[in-house]
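Report on the structure given below.
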Amino acid sequence: MALDLDAIYTDLHRHPELSFQETRTAGVIAQRLTELGIEFEEGIGRTGLAAVIRNDDNAAAGERGPVVWLRADMDGLPVEERTGLAYASTARGVDPQGLDVPVMHACGHDMHVTALLGALERLVATTDEWRGTVVAVFQPAEEYGAGSQAMIADGVLDRFPRPDIVLGQHVTPLPAGTIGVRPGTQMAASDGLRVTLLGRGGHGSRPQATIDPVVMAAATVMRLQTVVSRETDPRDVAVVTVGSIHAGLKNNIIPAEAVLELSLRYPDDEARARVLEKVERIVRAEAQASGAEEEPIIKVDHSLPPTINDDEATARLSAAFTRAFGDDKVVDPGMFTGSEDVSWFAREAGVPLVFWFWGGVDPQVYAEAAASGSIERNIPTNHSPFFAPLLQPTLDNGVANLVTAAREFLATR
Ligand code: ZN
Ligand code: ZN
């Protein structure tokens, strides 16, 4: 019986799970893979799965066609869904700090998982048309930037046929039907930094006896804005975002410390080194300006490489997409300042990667927003509480993209 992809998607959407907690999601995937008769292993890199379709005529004699890896990520985010969809999530989870948080598939990873299941169904049904091996990787914890490395550390590259190419896709606020792909840097490198500013706590009425980390944090956040605006070549891409700032518990207590969490983005390793150096200099100098008695603690929480698409494979895939979907459907979306951990699979195996974006917005809604110049304001992006990919044709498109891409790199019969 054919998979009901719409139902799988809405079910996953209703039941998002935080990074490294995707056990229900893994269960759904395992059940569907079993129904499709596809060989798989669970619990790789904690909650990940990998599945394989072996379709070589004479593998025993060493005749082996190409090995194509297709990757989908599985995790949701601590966001309270406000889409108003009938299948909106009301789920909650416990984050790594032990806090009870709302959970939402605000990045569309439910779409990625469902599209990959649909692609596997179609590839299994058409094994008389192609030759080679398909490995499907259902990866946990993309949002921590840790899931692909966890699967690699757990031996996914050795437990399954090693890839000749790694392919993956991400749903994005482009018009449905559009595919965005470019050779070279497709997504930025990123670091998550945790900065602890150390002051001296005391009574709110006696600031002269304290070193106030709240003021130190405020000055630091403002000064950090100059890394991009004053110290980066306007032609270069860099982002410095302070996404979280925590200090204090009560109005009349000056706390002893403040914690800032930063997200930094850049196109390459050189820019990374430059931005990190400037951030560190400002953090230390502001602490000193505040009279801090202890150096701030700067810790890199996670670090993601740039997502770089192989030139030759990308040209080949763009041509295949153009043939399949039409000339006007394939665009160069430019470099995205978001980051991904998909490229670890390709980097570790030493093989090409192609990672593309596909649109999930009603084309008419998109056209109207474009006409009124309100795309940034009116089209919710990934991680927004309003992020709601149009179920169809986005899902069918996601399946078609993966099948087209896999077939391009597999052998034909
Ligand atoms: Zn995301
Ligand atoms: Zn994502």
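About the centre of its Cα atoms, the chain shows a dipole size close to 680 debye [charges on the beta carbon of Lys, Arg (+1) and Asp, Glu (-1) only; nearest 20 debye].
Once the C-beta distance of Leu249 and Ala125 is scaled by a Förster radius of 56 Å, the resulting FRET efficiency is 0.40 to the nearest 0.05.
Taking amide H as placed 1.01 Å from N in the peptide plane, Trp358 has its amide H under 5 Å from the amide H of His170, Val171, Thr172, Gly180, each at least 5 places away in sequence or on another chain. With a Förster radius of 41 Å applied to the C-beta separation of Asp327 and Lys299, the computed FRET efficiency comes to 0.30. Take the Cα of Ala61, go 7 Å toward its beta carbon, and none of the backbone nitrogen atoms of the range 121-162 fall under 15 Å from that spot.
In the chain, the longest principal axis of the Cα atoms and the axis of helix 311-325 are about 60 degrees apart. Distance between the 7 Å Cα→Cβ label points at Glu42 and Ala153: 2.2 nm.
Of the residues Leu123, Leu317, Pro363, the one whose Cα sits farthest toward the positive end of the charge dipole of the chain, with +1 on the Cβ of Lys and Arg and -1 on the Cβ of Asp and Glu, is Pro363.
When you filter the GluC sites (Glu not before Pro) in the range 361-410 for DSSP loop state and at most 14 other Cβ atoms inside 10 Å of their Cβ, nothing is left.
Remark: spin-label model distance Met222-Ala371 equals 4.4 nm, labels positioned 7 Å along the Cα→Cβ axis. Sparse packing (at most 11 other Cβ atoms within 10 Å of the Cβ) combined with a DSSP loop state is found for the following GluC sites (Glu not before Pro) in the range 60-92: Glu63.
Along the axis of the charge dipole computed for the range 166-262 (Cβ charges of +1 for Lys and Arg, -1 for Asp and Glu, origin at the Cα centre), the listed residues Ala176, Val228, Val215 are led at the positive end by Val215.
Here the Karplus curve 6.51 cos²θ - 1.76 cosθ + 1.60, taken at θ = phi - 60°, turns the phi angles of the range 129-146 into couplings of 9, 9, 9, x, 9, 10, 10, 9, 10, 9, 9, x, 6, 5, 5, 8, x, 10 Hz, with x standing for Gly and Pro.
Determine which residues of the range 123-137 fall in the zone a paramagnetic label at Ala411 would reach in this model, i.e. backbone nitrogen under 12 Å from the point 7 Å along Cα→Cβ. Correct set: 130-133. With all protein chains kept in place, the per residue accessible area of the range 189-303 amounts to 56 square angstrom at a probe of 1.4 angstrom.
Each stretch of four or more DSSP H residues adds -39500 (n - 2.57); spread over every residue of the chain, this sum gives -11000 deg cm²/dmol at 222 nm. Our note on the geometry: Cα centres of the range 126-154 and the range 217-239, 37 Å apart.
Which of the trypsin sites (Lys or Arg not before Pro) found in the range 234-286 are loop residues per DSSP with 14 or fewer other Cβ atoms within 10 Å of their Cβ? Walk me through the numbers before you get to the answer.
Details: sites: Arg235, Lys250, Arg265, Arg272, Arg274, Lys278, Arg281, Arg284; in loops: Arg235, Lys250.
In loop regions of the range 234-286 (DSSP not H, G, I, E or B), the sparsely surrounded trypsin sites (Lys or Arg not before Pro) are Arg235, Lys250.
For the range 189-303, give the magnitude of the charge dipole about the Cα centre (Cβ charges: +1 Lys/Arg, -1 Asp/Glu; no others), in debye to the nearest 20. Write down the numbers at each step before the final one.
Numbers: 14 positive and 17 negative charges, 79 e Å.
Roughly 380 debye for the range 189-303.
With a Förster radius of 30 Å applied to the beta-carbon distance between Asp233 and Glu280, the computed FRET efficiency rounds to 0.95. Rolling a 1.4 Å probe over the protein heavy atoms gives the range 331-412 an accessible area of 41 Å² per residue. What is the helix-to-structure angle for 109-125, meaning the angle in degrees between its Cα long axis and the longest Cα principal axis of the chain, kept from 0 to 90 and rounded to the nearest 10? Result, in degrees: 10.
Working note: Karplus 6.51/-1.76/1.60 with θ = phi - 60° gives the range 36-48 the couplings 7, x, 9, 5, 8, 10, 9, x, 8, x, 6, 10, x Hz, where Gly and Pro are set to x.
The values are calculated or read from the model by the stated rules, or taken from the named source; none is laboratory data. If you're wondering where the values come from, they're calculated on a predicted model, not measured in any experiment. Every residue, glycine as well, gets a Cβ built from its backbone with ideal geometry; the counts of neighbours run over all protein chains shown. Quick note on the areas: whole protein, heavy atoms, side chains included, nothing else; ligands and nucleic acids left out. Shrake-Rupley method; radii C 1.70, N 1.55, O 1.52, S 1.80 Å.
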